[in-house]
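**Q** Okay, handing you the structure first.
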Amino acid sequence: DGTRRPLIAGNWKMHGLKVPAARTLGEIIEGYDPALRAGVDLLVCPPAPLLHMFSVVAVGSRVAIGAQDCHAEPLGAFTGEVSAEMIADAGATMVIVGHSERRAYCGESDGVVRGKALAARRARLTPIICVGETRQERDAGQALEVVGTQLFASVPDGPCDFVVAYEPVWAIGTGLTPTAQDVADMHAFMRDGLCKRFGAAADGVRLLYGGSVKPANAGELLAIADVDGALVGGASLVAADFLAIAGAA
Ligand code: PEP
C-alpha cells in the first residue's frame, strides 16, 4: 500500500551515554540524505535521559525521537516512572509500548500495554505496540493464535493512530529470523484482524517487523507485503548499519 510510508525505528534499549550517543545521532542525521528522507521515516528511541537532548539536536532534521516505554498515568506517586506527557514535553513524538523485554522482565500484560498505548494517545504520541510469540509457541504451531490474542488485547479501541511491531521473541538479539513466508503470513493475519475490527482505517496502520534486522537481511524482510518498516535493536546502535537498513526500505 503506497499510502504507508516505511518507518525504520531504532530501539537503543539500555545503551547510550551522552557523548558517544550524540555522535551516533549526528551521524544518523548527517547520513539521512534527501533521497532517503523523501521515502522513509526514521525514528531513534534512546534511553529516557537522552530524550530531551536528542529532540533538540534532531530539530529540523526530520529524524523523529521516541521513548522505549511510558507509564499509563499522566503524573503521580510512581517513583522512577516516566509519563507519556513527560516524553512529549521532552520533544519526542513516538513511544514503544509492550516490548517483549518489558513483557518478560517487568511482567507487563496486554492490559497494561493497552493502558500505555492509551496514555500515548492522550499525550499525542504515536505508540508502537509490540507483539510476538516465543520459540515454544511457534514450535507448538500457536504463533498466529498467540499474536492475534496479544494484538487484540494490546491495541485500544478508537482511532487507528498507532503502529504495530511484530517481534518474535526468539528472533530478538539472536541473529535468527523467521522465513519470509512466516513473516508474510503473520503480517497478513495482523492486517486482516485489524481490518475486521477497525474497517478500512486499518489499511493505514504501519506494521513493522522486528528481530535481528541487519543490513544483510533488511532488503528481503522489507520487501514482504504488509511489512511497512522495521524495529531495529542492535543494528540501530551503529549509524552506518541503521542507515543501510533504511536504504533498503
Ligand atoms: C528489538 O529489541 O526491538 C530488536 C528487534 O532487537 P534486535 O534487532 O537486536 O534483534
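The values are calculated or read from the model by the stated rules, or taken from the named source; none is laboratory data. Computed from a predicted structure; not experimentally measured. Cβ placement follows ideal geometry from the backbone for every residue including glycine, while neighbour counts extend to all protein chains displayed.
**Q** Could we say that LEU237 is in contact with a His (Cβ under 9 Å, 6 or more places away or on another chain) and within 30 Å of ASP157 (Cβ to Cβ) here?
**A** In short, no.
**Q** Considering every residue within region 242-249, establish whether at least one is within 16 Å of the ligand (Cβ to nearest atom), assigned to a loop (DSSP other than H, G, I, E, B), within 20 Å of GLU30 (Cα to Cα) and touching a Leu at 6+ places or on another chain (Cβ under 7 Å).
**A** yes
**Q** Scan region 191-202 and tell me whether some residue there is modelled with pLDDT under 95 and either assigned to a helix (DSSP H, G or I) or away from the ligand (no atom under 12 Å from the Cβ) (or both).
**A** Within region 191-202, not a single residue is modelled with pLDDT under 95 and either assigned to a helix (DSSP H, G or I) or away from the ligand (no atom under 12 Å from the Cβ) (or both).
**Q** Would region 231-249 turn up any residue that is at pLDDT below 95 and among the hydrophobic types (A, V, I, L, M, F, W, C)?
**A** Looking through region 231-249, at least one residue is at pLDDT below 95 and among the hydrophobic types (A, V, I, L, M, F, W, C).
**Q** Name the helices (runs of 4 or more DSSP H) wholly inside region 9-89 in which the number of residues that are buried (at least 16 other Cβ atoms within 10 Å of the Cβ) is 3 or more.
**A** 18-31, 51-58, 84-89
**Q** Are any residues in region 76-109 at positive phi, away from the ligand (no atom under 16 Å from the Cβ) and either at pLDDT below 95 or touching a strand residue (DSSP E or B) at 6+ places or on another chain (Cβ under 8 Å) (or both), and if so, which ones?
**A** GLY91
**Q** In the list LEU231, LEU208, LEU176, which residue meets the criterion of being within 15 Å of the ligand (Cβ to nearest atom), surrounded by fewer than 21 Cβ atoms within 10 Å (Cβ to Cβ) and not in a helix (DSSP H, G or I)?
**A** LEU176
**Q** Looking at GLY141, GLY115, GLY158 in this structure, which one is away from the ligand (no atom under 16 Å from the Cβ), part of a loop (DSSP other than H, G, I, E, B) and either more than 20 Å from GLY199 (Cα to Cα) or in contact (Cβ under 8 Å) with a residue 60 or more places away in the chain (or both)?
**A** That would be GLY141, the only listed residue that is away from the ligand (no atom under 16 Å from the Cβ), part of a loop (DSSP other than H, G, I, E, B) and either more than 20 Å from GLY199 (Cα to Cα) or in contact (Cβ under 8 Å) with a residue 60 or more places away in the chain (or both).
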